Structure formats: structure tokens, C-alpha cells
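The values are calculated or read from the model by the stated rules, or taken from the named source; none is laboratory data. As the structure is a prediction and not an experimental result, all values here were calculated from the model. When we count neighbours, we look across all protein chains shown, and the Cβ atoms used for this are built from the backbone with ideal geometry, even at glycine.
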Ligand code: KIV
Ligand code: ZN
């Protein structure tokens, strides 16, 4: 049977938990600023990237992938700014397995407290034949040379076997072994096109651990896309089978259908900690604020029924559920809203609430608005409040998003 937390599924620990000596730590690698930023229309300027990176540091992520520095001079500068100013997490820059990209990636991250160069190259026959027009052996050689080259600059080098889930298993093992020998400190096994299924992907991770003992000397990472809606399920299956780093994004933003959603991975591991026998060191009370910030700055609304951070994620509407919740919240709630930073408020916001109360709540939610923005939010607030008895924090966040993203 599935195990549950001691208190019947509802983990009452607060925010950043103490590192347990018993359970494995899962490293959270956030790629909102790289894979997430590849979404059309989500381009961030330097100031916006820095604002999100600072918030990711408060959230407690282990690694921030700040960009793909060779993609544009502006991205190079943005990654440099993050590397110079954001303290705490490892700051990574992505590079193809070619010298010029690696040179630029190093230029971008070299001033970070803890820099990482992240190199990738396709490993599936589909990528090798149809995209790179290479044979397996020369691609393997290129991977090894790229890792050795990156290693001259930086101790911490991550190597990604792009399209790993569609690669020949024996070849994948050979590439991974050779890259570890060349000095890679992290090996990432991406499900680049979201093709894997949870059982199969979990088995891939388990088999890699078995067949490549050298993986015990490095961090084994996973990176799942959501084309079949399985990115989170696949990542969690990988964690169960020995992955130690999960690559993910806030609100699941990313190429096509997106990446695995950070908030879902973190809260699943936390809510079902004994099942995973693992933990993260994310400060979960910063989740909601981070989600709102990313949605606002990237101009990508969060769907109302999105797990953990959607406006309906903690809303109980049916009479039976409301009755249960009033008797004991654990009847219909497996996560306390305050554990992800959604506050329970004594101050109820209604159409009669004054501007001061509205300003106060906006500040609590992390919104610093100009006077002009506040006037617009206030006007919309009054319109909505005329129709609804009470305005929740989620309603308010939606109002602000609508007003701030209006051109
Ligand atoms: O999806 C993918 O394979 C990637 C790699 C660059 C890690 O984003
Ligand atoms: Zn990706």
C-alpha cells in the first residue's frame, strides 16, 4: 500500500524543513529563465530576469539556469547580471557541445559564487541522423571533447544527453560513462519531447544506475517535457528510481507544452515524503509569490485549476466540501494553503473595504504598484467586489495580473 505522512497526508511542517539525515535530498534545478523563456512572447529583459532570479534564490532552488548565453548578446548580459548579483544557488549557463558556445557560457557565469557550464548534445539516432547528420562515434567524441573543454574553465560541468528517452540504451550508457570520465559532475537524462511514460522512464533511470556504476560519483538529473501531460509524473518516477536532481520551471512554463512544474514536484515530494523517502530544501512559503511574479513578467496566465498555484487550487465550492472543511480542513485539503504562501487573512476584502486595506493586502501578496497601477486595480476590484461577496487573495492576484498585463 502507498505510505502516507504521519499526520494522515497533511504535512504540518512549516516552510524550509531541516535536512533529514535519513532521506535523500533532491536538488531543484530551475530552468524558468532558460527553457521557460523559450516560450513565444515570454522574453524577459535583464531587469526582469534579475527580479525572477532573486525570487528563485529566496525560494531556495539549488540551481538557477539563467539562460543560453550564446543565443544573443542581450541574454549573455542578462546571465552575467544574474551571476554577479544573485547569491546562494549555483548559476548555470547552457551551451551546445561546441567551443564557441562554451566560451560564451563561461563569460556569462564566471563571476557567480558557484558557476556551472551546462553542455548538451543529441544522443538519439533521430537527432544524430536527422538533425546533426552525425554517426554515433563522432558524436560521442564531440561530447567528450566538449566536457573536457568546459572543464578547463569550470569545476562544475553538467552534460545533457538530449532526447535520452528515445536513445539506444547501450549507446546512452557509453556516452554517460565517457562524459563522467571526461569530468562531468552532473549527468542529465532528458525526456526532450515528452515521449516517456512514468514506468518506462523510472525503469530507464534505474537501469542506468545499474549499468553505469560511475553515476554514483556524480549527480543524476532528469528533465521532462509535458507533451503528453506526464512531465511531473515522469520526474517523480525518476526520483523513486534514483534521480537526485529534477529540472523544472515555475508554473510548468517551457517549450511547447512546457516543462515539469516546480511547485507540483516540490509539493508532491513534501506531501508524500515517506513514500519518496526524499526531500527538497525549497522554502515552500515562497511558491505562490514566485508563481505570480513569473506569470506577470512572462505574460502567461496560470489556469484556474492549476495544481498548487491556480486560483481554484484551494477553493471549496460544493456544500458538502465546505461543510467538511469547516469541521476539519484535513477532510478535503492535503496541503495547507499557507504552506505554499497563500495567507489566511483576518481582514476580509469586500466592496466596502477601503483603499488602505486593499493596499495592505496587495503588499502582502508581493505587489508593489505605482499610483496609476493601484488606481486601475482598485477600479477593477470594486467592479468584481460588486458581483462577489468576498474577494480572495487569488481573485486579487488575477485582478492585478489582468491590469498589469494590459497594454
Ligand atoms: O529538453 C531538453 O533536452 C533540453 C536540454 C537542453 C537539457 O532542454
Ligand atoms: Zn528542455
- Query: When you scan the stretch 365-383, how many residues do you find that are on the phi < 0 side of the Ramachandran plot and surrounded by 15 or more Cβ atoms within 10 Å (Cβ to Cβ)?
  - Reply: 10
- Checking residue 303 against (1) touching a helix residue (DSSP H, G or I) at 6+ places or on another chain (Cβ under 7 Å); (2) at pLDDT 90 or above, which test does it fail? (1)
- Considering only residues of the stretch 386-400 that are over 12 Å from residue 366 (Cα atoms) and in contact (Cβ under 8 Å) with a residue 60 or more places away in the chain, which is farthest from the chain's Cα centre (by Cα)? 392
- Message: Show the residue pairs meeting these rules: Cβ distance below 7 Å; 6+ apart or different chains; first residue within the stretch 180-193 and closer than 19 Å to residue 169 by Cβ; second residue assigned to a helix (DSSP H, G or I) and within 10 Å of ligand 2 (Cβ to nearest atom).
- Response: none
- Would it be correct to say that residue 340 is touching a residue at least 12 places away in the same chain (Cβ under 8 Å), within 30 Å of the chain's Cα centre (by Cα) and more than 23 Å from residue 265 (Cα to Cα)? no
- Note on the structure: Among the residues of the stretch 49-82, the number that are in contact with a helix residue (DSSP H, G or I) (Cβ under 8 Å, 6 or more places away or on another chain) and under 15 Å from residue 290 (Cα atoms) is 13
- Scope the stretch 316-350; condition modelled with pLDDT of 80 or more and part of a loop (DSSP other than H, G, I, E, B); matching residues: 328, 332, 333, 334, 335, 336, 341, 342, 350
- Query: With 302, 294 as the choices, which residue is surrounded by 15 or more Cβ atoms within 10 Å (Cβ to Cβ), under 16 Å from residue 395 (Cβ atoms) and under 17 Å from the mean Cα position of the chain (by Cα)?
  - Reply: 302
- Failed item in (1) surrounded by 12 or more Cβ atoms within 10 Å (Cβ to Cβ); (2) free of Cβ contacts under 8 Å to residues at least 12 places away in the same chain, with residue 327 passing the rest: (1)
- What residue, of 165, 160, is touching a residue at least 60 places away in the same chain (Cβ under 8 Å) and within 15 Å of ligand 2 (Cβ to nearest atom)? 160
- Query: Among 150, 112, which is the only one that is modelled with pLDDT of 95 or more, part of a loop (DSSP other than H, G, I, E, B) and buried (at least 24 other Cβ atoms within 10 Å of the Cβ)?
  - Reply: 112
- Set 130, 43: member being surrounded by fewer than 18 Cβ atoms within 10 Å (Cβ to Cβ), closer than 26 Å to residue 166 by Cα and free of Cβ contacts under 8 Å to residues at least 24 places away in the same chain: 130
- Note on the structure: Residues of the stretch 215-267 being touching a residue at least 60 places away in the same chain (Cβ under 8 Å), more than 14 Å from ligand 2 (Cβ to nearest atom) and assigned to a loop (DSSP other than H, G, I, E, B), in sequence order, are 243, 244
- Query: So which of 241, 283 is more than 14 Å from the chain's Cα centre (by Cα) and more than 16 Å from ligand 1 (Cβ to nearest atom)?
  - Reply: 241
- Message: Need the failing condition index for residue 37 against (1) within 16 Å of ligand 1 (Cβ to nearest atom); (2) assigned to a helix (DSSP H, G or I); (3) within 26 Å of residue 183 (Cβ to Cβ), just the number.
- Response: (3)
- All-but-one check, residue 189 against (1) at pLDDT 95 or above; (2) in contact with a helix residue (DSSP H, G or I) (Cβ under 6 Å, 6 or more places away or on another chain); (3) not in a strand (DSSP E or B), failing number (3)
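Hey, any hits in the stretch 200-212 for a residue that's within 16 Å of ligand 2 (Cβ to nearest atom), buried (at least 23 other Cβ atoms within 10 Å of the Cβ), more than 12 Å from residue 28 (Cβ to Cβ) and modelled with pLDDT of 95 or more?
Yes, the stretch 200-212 contains at least one residue that is within 16 Å of ligand 2 (Cβ to nearest atom), buried (at least 23 other Cβ atoms within 10 Å of the Cβ), more than 12 Å from residue 28 (Cβ to Cβ) and modelled with pLDDT of 95 or more.
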- Query: Which residue, of 196, 164, 108, 182, is farther than 25 Å from residue 228 by Cβ and within 16 Å of ligand 1 (Cβ to nearest atom)?
  - Reply: 108
- Message: Suppose the filter is over 13 Å from residue 29 (Cβ atoms), surrounded by fewer than 23 Cβ atoms within 10 Å (Cβ to Cβ), modelled with pLDDT of 95 or more and within 16 Å of ligand 1 (Cβ to nearest atom); does residue 268 pass it?
- Response: no
- Answer yes if at least one residue in the stretch 177-197 is away from ligand 2 (no atom under 16 Å from the Cβ), within 20 Å of residue 66 (Cα to Cα) and surrounded by fewer than 24 Cβ atoms within 10 Å (Cβ to Cβ), and no otherwise. yes
